[in-house]
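Novice: One structure, pasted below without further comment.
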Amino acid sequence: MVKLSEYELKRGGLKFVLLIAIETLKAELTKQFFLMANFIISLVDLIIGTLAYFYLAIFIGEAMNRYITAYGMSYAEYLLIGILGNIIGGFFIHSLYEAISIGYWSSETDLYITSPIGLKGMLLGYVLLGLFWRCITIFVLVVSALMIGVPLHYQNLLQVLEVLLVGLLPFIGLGLISASTFTLINSKSGSPISWLIEILQRIFSGYYFPIQLLPPYIRLISLGLPHTYFFEALRLSVAKGYWIHQTPHLLYPLIIQSIILIPTGIILFKYSIIKAERTGDLSRWT
Amino acid sequence: MMREVVVVKDVYKSYPKYKRFHPGTVLGQAHWFFATLYRSKKEGIVEALKGVSFTVRNGEIFAIIGPNGAGKTTLIKCIGAVLLPDRGYIEVDGIDVVREPLKAKKKINIIGAGYWAGFDWSLTLEENLELYAVLYGYSPKEARKRIREILDILKLRDKAKENPTKLSSGEKQRLSLARGFIADVPVYLIDEPTIGLDPVGAREVRDYIKRELKRRGITIIFTTHFMHEAEQLADRIAILKEGKIIALGNPEELKTKFDVGKLVEFKAYNIYEDIIKRIKALEITYLDVFYRNYGAEAIIKILTKKPEETLDNVIDILLNSKSTILSVDIRDPSLEDIYRAIIGGKVE
């Protein structure tokens, strides 16, 4: 019989957490593909939705072009970058909350809470699952765009990478704050932070259209959203090859927001875990 | 003298009680908003444990019995390092559970019933158990070897490639036990091992606990609602009521601890509420009535310190009420009878 103690010394730390995460991901993917028809239907939905978006963009592109001449790209590409940026940013904002929520509602948090590894492996596993699905979405979007003939700038990848490294920092903070609401205010049916950000960014961040279209006093809301600077920096780096450090009007707000949001997120998330240990809020075992 | 493996000293635990959300209409996407609003409002505090203390010796089977809301599951969660106590000290195999919860969890295995068990219905038994084995430090290859051994012990080998949905209630509970068997740890905490099982399934599970775990010298703490289960399995029993241990000892000690007198038992036809009220007015310790055959036949169990006098008085009441007496018996009460009287608040 294999004794646990024989493995205690060999296994521990990050390597063990990664092993658990991979096992969790493996189990989750087995589940997701268990109902293959569901997967295929979702994929078809995604492809049709994407094609509809692009044809719409081509259709209204003529009217929109005069607002986006500064970027030197078509409206379809403008929209594509907005959507891709939103998927990547959304991963950082929503994935931790989603990981906790999936684990809690499937009662799997109980499985992990009672084990010596705790929740780390499970959370990482579900975050990787979120990443997996978002990668599929990004792949479908890009392939669809190429198939339709949307002209894409893809020569400035290093500049884009810099934007991603700096621009996504405030999103990490927002993600931690969003995840902490699960136990701090018991928002188990959905994160109010995610909901609020999702609502605001659709209109005020330049996701679908430039914020210059908005009345000046409403643009004040745009200034408070990291999405506004992130989308702008992303588009300028893709189309014009700008490095983010060359655009301080975009860089500084993102750094200030990161300095505020990341420590706030870490404190709130840590406190939410302490609260869960005291109240048993992450367990459905009653 | 046997070593004390679990030490629970003066443990207190209270919970905030949240306002419950009952949507009267379908709120759709707004549901989360109202649910959050309601759930974030505290309605008060529930004191689940109020100074619980006991120790469990190496290899002992220890039962915690009590009615719903007594604090049994909270106590198991605190010992299992799933929930932090407000104050008090808990030690498992020499490790302070509050200070070093993850280290303590390497010594503990929690086995529960029902949905909380976290089995995934779209994975096979083997896949479910493999994930759990990895959580306890086995590599996937080692895990598969171990799982085959465990499934053999629990007679689930032929179901290894099936989903948990295909199992009977008894098999599902055995699957919970199988998960528990994977980790080779010194202490098992089992929450209501036979809940929801039919009598045959419940007996099977009890047999497994008694035979397999006892044989392996594992220390077991389990909770139950049923005194007969505690009596059958446990070396010692703690009766938990409203967050406090009100009695602790082996079954024989518990029987002598409470001076409840004798049990007078009647089987009779035509027992109505007014008859029960008149019997309750007599000088008795506790009364329980069970109806059978759609209420036509009743079993009246009376705990009394004056059995002969009670017998005469009850016979008078029944005959005057034109009830038909089928049988009468006077005997020593079982632990189940005493437990019902304690929980009913009639015995201090």
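Novice: Over the whole of B:81-93, what's the average partner chain Cβ count within 10 Å per residue? Rounded to a whole number, please.
Specialist: Mean inter-chain Cβ contacts per residue within 10 Å come to 2.
Novice: Indicate the gyration tensor shape class of the range A:112-165 (rounded, prolate or oblate), computed on the Cα atoms with a ≥ b ≥ c the square roots of the eigenvalues: a/c under 1.5 is rounded; otherwise a/b larger than b/c is prolate and the rest oblate.
Specialist: It is oblate, given that a/c is not under 1.5 and a/b is not larger than b/c.
Novice: Shielding by partners for B:183-189, please: the mean number of other protein chain Cβ atoms within 10 Å of each residue's Cβ.
Specialist: Partner Cβ neighbours, averaged per residue: 2.
Novice: Okay, next question. For A:C135, B:C78, what's the fewest-to-most ordering of other Cβ within 10 Å of each Cβ?
Specialist: Placing the least packed residue first, the sequence is A:C135, B:C78.
Novice: So which trypsin sites (Lys or Arg not before Pro) in the range B:244-348 are both in a DSSP loop and have at most 13 other Cβ atoms within 10 Å of their Cβ?
Specialist: Sites meeting the loop and neighbour criteria: B:K305, B:K322.
Novice: For the range B:261-332, calculate the relative contact order in percent as a whole number, restricting contacts to Cα pairs under 8 Å that are 6 or more residues apart.
Specialist: 51
Novice: Label-point separation (nm) for B:Q232 and B:K306, each offset 7 Å from Cα along Cα-to-Cβ?
Specialist: 3.9
Novice: Return P(r) of the range A:41-115 (all Cα-Cα pairs; 10 Å bins starting at 0; whole %; ordered from short to long distances).
Specialist: Each 10 Å bin holds this share of Cα pairs: 16, 28, 26, 16, 9, 4.
Novice: Let me ask something else. Would chain A count as rounded, prolate or oblate if I go by the C-alpha gyration tensor, calling it rounded below 1.5 in a/c and otherwise prolate when a/b exceeds b/c, oblate otherwise?
Specialist: Cα axes put chain A in the prolate bin.
Novice: Additional query: Simple spin-label model, 7 Å along Cα-to-Cβ: A:K240 to B:R215 in nm?
Specialist: 7.8
Novice: Applying 1/(1 + (r/R0)^6) with R0 = 35 Å to the Cβ-Cβ distance of A:K31 and A:I255, what FRET efficiency is obtained, to the nearest 0.05?
Specialist: Efficiency computed from Cβ-Cβ geometry: 0.30.
Novice: Now a separate question. Name the residue from B:I110, B:I150, B:F226 whose Cα lies farthest towards the positive end of the charge dipole of the range B:89-238, charges +1 on Cβ of Lys and Arg and -1 on Cβ of Asp and Glu.
Specialist: B:I150
Novice: Take the residue pairs B:K145/B:K172; B:K255/B:K277; B:K244/B:K277; B:K77/B:K106; B:K241/B:K280 and return only those whose Cα atoms are more than 26 Å apart. Mind showing how you got there, number by number?
Specialist: Numbers: B:K145/B:K172 21 Å; B:K255/B:K277 28 Å; B:K244/B:K277 31 Å; B:K77/B:K106 15 Å; B:K241/B:K280 24 Å.
Over 26 Å Cα-Cα: B:K255/B:K277; B:K244/B:K277.
Novice: Can you give me the Cα centroid spacing of the range A:82-133 and the range B:124-187 in angstrom?
Specialist: Each part's Cα centre sits 25 Å from the other's.
Novice: Please give the FRET efficiency for B:K161 paired with B:R99, using the beta carbon to beta carbon distance and R0 = 30 Å, rounded to the nearest 0.05.
Specialist: Working: r = 43 Å, r/R0 = 1.43.
About 0.10, to the nearest 0.05.
Novice: Mind jotting down the three principal axis lengths of chain B based on Cα atoms? Whole angstrom, largest first.
Specialist: Extents along the principal axes: 74, 56, 43 Å.
Novice: In addition: If you fit an axis through the alpha-carbon atoms of helix B:125-135 and take the longest principal axis of the Cα set of chain B, what angle between them do you get, 0 to 90°, nearest 10?
Specialist: For helix B:125-135, the angle is close to 70 degrees.
Novice: Averaged over its residues, how many other protein chain Cβ atoms are within 10 Å of peptide A:186-192's Cβ atoms?
Specialist: Mean partner-chain Cβ count within 10 Å for A:186-192: 6.
Novice: For chain A, which span is the longest to avoid every loop-located (per DSSP) member of chymotrypsin sites (Phe, Trp or Tyr not before Pro) having at most 13 other Cβ atoms inside 10 Å?
Specialist: A:1-153
Novice: Say R0 is 51 Å: what FRET efficiency, to the nearest 0.05, do A:W195 and B:I276 get from their beta-carbon distance? Provide the component values of the computation, followed by the final result.
Specialist: Numbers: r = 57 Å, r/R0 = 1.11.
Between A:W195 and B:I276 the formula returns 0.35.
Novice: Give the shape of the protein assembly as shown as rounded, prolate or oblate, defined through the alpha-carbon gyration tensor: a ≥ b ≥ c are the square roots of its eigenvalues, a/c under 1.5 means rounded, and otherwise the shape is prolate if a/b is larger than b/c and oblate if not.
Specialist: Cα axes put the protein assembly as shown in the prolate bin.
Novice: Per 10 Å bin from zero, what fraction in whole % of the C-alpha pairs of the range B:261-332 is there, up to the bin with the longest pair?
Specialist: 21, 61, 17, 0
Novice: Using Cβ contacts closer than 10 Å as the measure, can you line up A:H227, B:H228, A:H245, A:H94 from fewest to most?
Specialist: A:H245, B:H228, A:H94, A:H227
Novice: Can you tell me the orientation of helix B:307-320 relative to chain B, as the angle in degrees between its alpha-carbon axis and the longest Cα principal axis, to the nearest 10?
Specialist: Orientation of helix B:307-320: about 70 degrees from the principal axis.
Novice: Taking 0.36 nm per intervening residue step and subtracting the Cα-Cα distance, what contour gain separates A:I41 from A:M147 on full extension?
Specialist: Here the answer is 36.1 nm.
Novice: Antiparallel DSSP bridges in the protein assembly as shown: what percent, to the nearest 5?
Specialist: The antiparallel proportion sits near 70 percent.
Novice: Give the angle, between 0 and 90 degrees and rounded to the nearest 10, that separates the Cα long axis of helix A:120-148 from the longest principal axis of the Cα atoms of chain A.
Specialist: 30
Only the coordinates and a few stated rules stand behind these numbers; no lab work does. Just so it is clear, the model here is predicted, and its values are computed rather than measured. So basically every Cβ, Gly included, is an ideal-geometry build from the backbone, and we count neighbours across all protein chains shown.
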